[in-house]
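Q: Questions regarding the structure given below will be posed in turn.
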Ligand SMILES: Cc1cc2nc3c(=O)[nH]c(=O)nc-3n(C[C@H](O)[C@H](O)[C@H](O)COP(=O)(O)O)c2cc1C
């Protein structure tokens with residue numbers, strides 16, 4: 001029996017202490033202020049392997065590429081909420097974030113149901129909405145509870161100190177943390193809704 005609720009925040013930027021991290025820190029502080037444990041996992045700045053569709057994970061429950069994907073899989077049962085942060089690259093999340101999420105969710109989809117989830121995107125100027133939508137697609141395909149804020153979860157800047165001037169972005173992060181905390185607390189002791197085994201309908205053979 002766990003007595004502390006936990007949220008894992010993923011920093012998918014190649015910059016460990018960049019704008020994405022600054023936004024996630026603001027959200028994490030707000031979670032902590034609401035009594036939720038929060039930790040940030042940086043994906044690093046080395047290339048992240050793509051899913052090669054080998055299917056080995058269906059037998060082992062792990063990825064053949066032993067990196068942050070397997071690390072998160074090991075933590076998953078202790079996590080009540082997941083926040084995924086990415087810089088905006090050409091109006092989408094980074095390639096590394098997409099590769100990480102493809103591999104994580106292909107394995108862990110059935111274990112994600114009922115967890116709170118949020119995407120956070122950081123851009124200099126534009127393309128945040130499409131990047132935000134793309135990350136939310138992972139959450140909405142597997143019965144996660146997507147948490148909103150008082151604006152879409154985006155911040156604007158090129159350097160982390162630019163965010164000090166994006167007060168609306170920082171406020172959005174604080175509210176996101178508080179909203180996620182209250183959802184997690186409200187769900188305490190509530191069992192998951194009935195989940196039907198997925199019917200896979202393929203067309204053409
Ligand atoms: C390859 C590349 C593509 C980018 N594309 C966009 C973009 O489409 N829109 C935008 O506003 N900023 C774009 N940027 C800027 C970053 O998204 C922005 O500076 C972000 O806040 C950096 O976050 P970080 O400090 O966490 O890495 C791009 C940066 C790089 C390196």
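Values in this text are rule-based calculations from the coordinates and carry no lab data. Owing to the predicted nature of the structure, the values given are computational and were not obtained by experimental measurement. Cβ: placed from backbone, ideal geometry, glycine included. Neighbour counts: every protein chain shown.
Q: Please arrange 42, 152 by counting, for each residue, the other beta carbons lying within 10 Å of its beta carbon, fewest first.
A: 152, 42
Q: Another one. Can you classify the stretch 89-205 as rounded, prolate or oblate using the Cα gyration tensor, where a ≥ b ≥ c are the square roots of its eigenvalues, rounded means a/c under 1.5, and otherwise it's prolate if a/b beats b/c and oblate if not?
A: Note, shape of the stretch 89-205 comes out oblate.
Q: Using just the helices of the chain, give the 222 nm mean residue ellipticity in deg cm²/dmol: DSSP H runs with n ≥ 4 each add -39,500 (n - 2.57), and the total is spread over all residues, rounded to 500.
A: One gets -12000 deg cm²/dmol as the mean residue ellipticity at 222 nm.
Q: Roughly speaking, what is the centre-to-centre gap between the stretch 1-34 and the stretch 152-196 when only Cα atoms are used, to the nearest Å?
A: 9
Q: Rank 122, 130, 13 by mean-square fluctuation in a GNM of the chain with C-alpha springs under 10 angstrom and give only the top-ranked residue.
A: In this elastic network of the chain, the residue with the biggest mean-square fluctuation among 122, 130, 13 is 130.
Q: In whole angstrom, how far apart do the alpha carbon centroids of the stretch 72-102 and the stretch 106-140 sit?
A: 7
Q: Run the numbers on the stretch 137-205 and let me know its relative contact order in percent, using alpha-carbon pairs under 8 Å that are six or more apart.
A: Over the stretch 137-205, the number comes to 25 percent.
Q: When DSSP assigns beta bridges and you keep just the ones with both residues in the stretch 6-186, what percent turn out antiparallel, to the nearest 5?
A: 5
Q: Rounded to two decimals, what is Rg over Rh for the chain when you use alpha-carbon atoms and the Kirkwood radius?
A: With Rh from the inverse mean 1/r over Cα pairs, Rg/Rh is 0.96.
Q: Okay, next question. Quote the relative contact order of the chain in percent (integer), defining contacts as alpha-carbon pairs under 8 Å separated by 6+ residues.
A: Reported as a whole number, the value is 25 percent.
Q: Using Cβ counts within 10 Å as a stand-in for footprinting exposure, how do 109, 188, 168, 25 rank, fewest first?
A: Listed from fewest to most nearby Cβ atoms, that is 188, 168, 109, 25.
Q: If contacts are Cα pairs under 8 angstrom and at least 6 residues apart, what is the relative contact order of the stretch 72-159 in percent?
A: Relative contact order comes out at 34 percent.
Q: For a quick check: sort 142, 123 by the number of other beta carbons within 10 angstrom, fewest at the front.
A: With the fewest neighbours first, 142, 123 line up as 142, 123.
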